[in-house]
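To start, the structure itself, in structure tokens.
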Amino acid sequence: MNAPATTAVESDVAVECVAVQKSFDGTPVLKSIDLSVPHGQVMCVIGPSGSGKSTFLRCINHLERIDGGLLRVAGEMVGYREHKGRLHELRHHEIARRRADIGMVFQSFNLFPHLTVLENIIEAPMAVRKNQRDDAVADARRLLDKVGLTGREDAYPRMLSGGQQQRVAIARALAMRPKLMLFDEPTSALDPELVGEVLSVMKELAAEGMTMIVVTHELGFAREVADTVVFMDGGYIVEQGAPAEMFANPQTERCRDFLGKVL
Amino acid sequence: MTTPIPTTDQPKPDLATLQVAPTRHYGRWFGTAVLLVLVAMLVHTLFTNPRFQWTVVAEYFTTPTIIEGLFNTLWLTAAAMAIGIVLGTVLAIMRLSPNPVLSGSAATFVWFFRGTPLLVQLIFWFNLSALYPKLSLGIPFGPEFISGSANEFITVYVAALLGLGLNEGAYMAEIVRAGINSVHSGQREAAEALGMSSRRILTRIILPQAMRVIIPPTGNQLIGMLKTTSLVSVIALPDLLYSAQMIYSSNFQTIPLLIVASIWYLIVTTILSIGQYFVERRFSKSDNKPAFTLARLKKTVTNGQREATA
Ligand SMILES: Nc1ncnc2c1ncn2[C@@H]1O[C@H](COP(=O)(O)OP(=O)(O)OP(=O)(O)O)[C@@H](O)[C@H]1O
Ligand SMILES: [Mg+2]
């Protein structure tokens, strides 16, 4: 680890990356990622397939372990603890505790197919947060209401449409009361007519002030909701800026190419 | 541009009004005829060959020695399977561990117990006292708390359970491992992202979904185990087969007593197969059905009972 010796913690930054690197079997996927996401902001990440967007999101909640650089979430280093100037790898339960504060929504929903919608949502609050079942159920109903799925508690995931499943997945993540939400192409697996219902839930979430990092190809959503758009390519952040500016006037050739293909 | 397709009511040829000449399968007819003749010969000899001695079969079918043997076979099957399932699950989890010592020892265990004949393992356990005359429990290389003669501890029953259970554990480990691997990696990731502990992820998310893949071959193993237990006759454990052997060694009615044992094996296998059919029917469809939970199993069982009594 070539972690810089900075120990200062900026409390207004939700996610802070300095020279983050990640390789798979010697192939670098993230070469050097620098960025910071302030609390309450929405960042959209765009870029061609294979550019490392998913890998980057997965590093943030330590589903992947970074090989170099520094990554902090809410001021705490991801996967490590600093003690007397040395880094100590976190134990599994410490990693789990930090993950619990970060919600993640996957492209393929990943609902638990053997559990009902309600069981999917209350599982982690009960198992991880040790909430009482009654409280967890009440909370789950409130969240289902919020994502527009009142009354579907007892359905199994396979009985729901893709858009409904993804909204349950969002409710499941929100049930942990996360401080940060990560979305990895949440609408890419959906039929076009179902994309809107998921995006509108996400817009509502953004409006409530949730800090969000969203990997997406929905440039309309990015334009409307994002505070910052980040264009990733080849393991680097190539361009970063306000959506309107970037989409109207991309500064780099690669970004212009990409936007030309997607828009 | 779209063009509407005109719908017309043209007359269509109708199968019902035409004569259909079915294809003739001469090969099948011939095969059927040969089989029927063979079956007739078999039935004929079963009833007319006096050396089958059906009266002796009937006489010994429910004799106490045989029934005790059957009972031993049944509990041995159940106990060995229980050991196998628990051990197999532990081994499968070890095998999938990132720790090379854990996964390596599990792999070695499976390699060894699948790679040597069960018959040899049984005899080996039974003769363990030849290798270790004294067994003791204590701190490794340190003081001993309990110790005793291996001969007293390793009874035929202990040897049988060790042999059958450890061997089954090796096979079940592969079945459970395949089951765990069949669960999509996104399931573990989603659970990890929610901050769930490894243990909870395994018991609540992975294993219940793995059941769909684990249960059918386990039913198969159970039926196999019923007959594999007959190997314990080599260490003189009075199971169904050994009981039959004990009787025919004194009255020399070898064939009728082997028939008695075989009929009992067939009866139990039939019952187990019927059970397996219902369990498998439940789980093979579970791609679009909720997977296994205890509550649902209870529901299935009680529904089955209701249907059976109705
Ligand atoms: N677990 C892994 N092992 C090996 N290589 C991996 C692994 N995960 C990702 N990669 C590789 O890393 C690169 C980046 O993958 P990643 O999924 O982050 O891209 P992405 O930008 O999300 O692409 P997409 O838009 O297709 O989702 C790809 O070349 C991929 O093959
Ligand atoms: Mg991706």
**OP:** From largest accessible area down, sort B:Phe278, B:Phe126; use a 1.4 Å probe on the protein chains.
**Re:** B:Phe278, B:Phe126
Subject >> Listing of region A:126-141 residues, each with accessible area lower by at least 50 Å² in the full protein assembly than in the chain alone (probe 1.4 Å) >> reply: none
Original post:
Can you pull the three principal axis extents for the Cα set of the protein assembly as shown, in Å, largest first?
Top reply: 100, 95, 48
Original post:
Would you list A:His217, A:His114 from the most to the least accessible area, probe 1.4 Å?
Top reply: A:His217, A:His114
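So what is the orientation-averaged projected area of region B:202-248, using the convex hull of its C-alpha atoms, in nm²?
Numbers: hull surface 17.7 nm².
Mean orientational projected area (region B:202-248, Cα hull): 4.4 nm².
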**OP:** Could you tally the net charge around A:Ser188, taking each other residue with its Cβ under 12 Å from the Cβ of A:Ser188, Lys/Arg +1 and Asp/Glu -1?
**Re:** -3
Original post:
Under a point-charge model restricted to the Cβ atoms of Lys and Arg (+1) and Asp and Glu (-1), what is the dipole moment magnitude of region A:1-134 relative to its Cα centre, in debye to the nearest 20?
Top reply: 260 debye
Original post:
Which value at 222 nm does chain B reach when only helices count, each DSSP H run of 4 or more adding -39,500 (n - 2.57), with the total divided by all residues and rounded to the nearest 500 deg cm²/dmol?
Top reply: -23000 deg cm²/dmol
**OP:** Work out the FRET efficiency for B:Val86 and B:His184 from their Cβ-Cβ distance, taking R0 = 22 Å, and round it to the nearest 0.05.
**Re:** 0.30
**OP:** With all protein chains present, calculate the accessible area of B:Met41 using a 1.4 Å probe and round the result to the nearest 10 Å².
**Re:** 110 Å²
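Percent of accessible area on the protein assembly as shown owned by carbon and sulfur, 1.4 Å probe? Spell out each step's value before the answer.
Working: 18240 of 30840 Å².
Carbon and sulfur: 59 percent of the exposed surface of the protein assembly as shown.
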**OP:** Write down the radius of gyration of region A:1-144 and its Dmax, each obtained from C-alpha positions, in Å.
**Re:** 17.2, 49
Original post:
Got a number for the accessible area of A:His62? Probe 1.4 Å, square angstrom, nearest 10.
Top reply: 30 Å²
**OP:** Considering the options B:Leu76, B:Ile255, B:Pro100, tell which one lies farthest towards the positive end of the dipole of chain B, charges being +1 on Lys and Arg and -1 on Asp and Glu at the Cβ, about the Cα centre.
**Re:** B:Pro100
Original post:
Using a basic spin-label model with each label point 7 Å from the Cα along Cα→Cβ, how many nm lie between B:Tyr26 and A:Val262?
Top reply: 7.0 nm
Original post:
Which value, in square angstrom to the nearest 100, describes the accessible area buried between chains A and B on both sides, using a 1.4 angstrom probe?
Top reply: 2100 Å²
Subject >> Under 15 Å, Cβ to Cβ, from A:Gln251 - net charge with Lys/Arg +1 and Asp/Glu -1 >> reply: -3
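Quick check: residue separation of B:Ala40 and B:Asn99 times 0.36 nm, minus the Cα distance between them. What number comes out in nm? Walk me through the numbers before you get to the answer.
Values: separation 59, 0.36 × 59 = 21.24 nm, distance 6.13 nm.
Taking 0.36 nm per residue and subtracting the Cα distance, the gain is 15.1 nm.
Leaving ligands and nucleic acids out of the surface, order B:Tyr60, B:Tyr132 by accessible area at 1.4 Å, largest first. Before the final figure, lay out the partial values.
Working: B:Tyr60 45, B:Tyr132 125 Å².
Ranked list, largest accessible area first: B:Tyr132, B:Tyr60.
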Original post:
Just the accessible area per residue of the protein assembly as shown, please: how many Å² with a 1.4 Å probe?
Top reply: 54 Å²
**OP:** State to the nearest 20 debye the size of the charge dipole of the protein assembly as shown about its Cα centre, where the only charges are +1 on K and R beta carbons and -1 on D and E beta carbons.
**Re:** 1200 debye
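The values are calculated or read from the model by the stated rules, or taken from the named source; none is laboratory data. In this text, all values refer to a predicted model and were calculated from it rather than measured experimentally. In this analysis, Cβ positions are derived from the backbone assuming ideal geometry, glycine residues included, and neighbour counts consider all displayed protein chains. Just the protein is used for accessible areas: all its heavy atoms, side chains included, with ligands, DNA and RNA removed. Shrake-Rupley method; radii C 1.70, N 1.55, O 1.52, S 1.80 Å.
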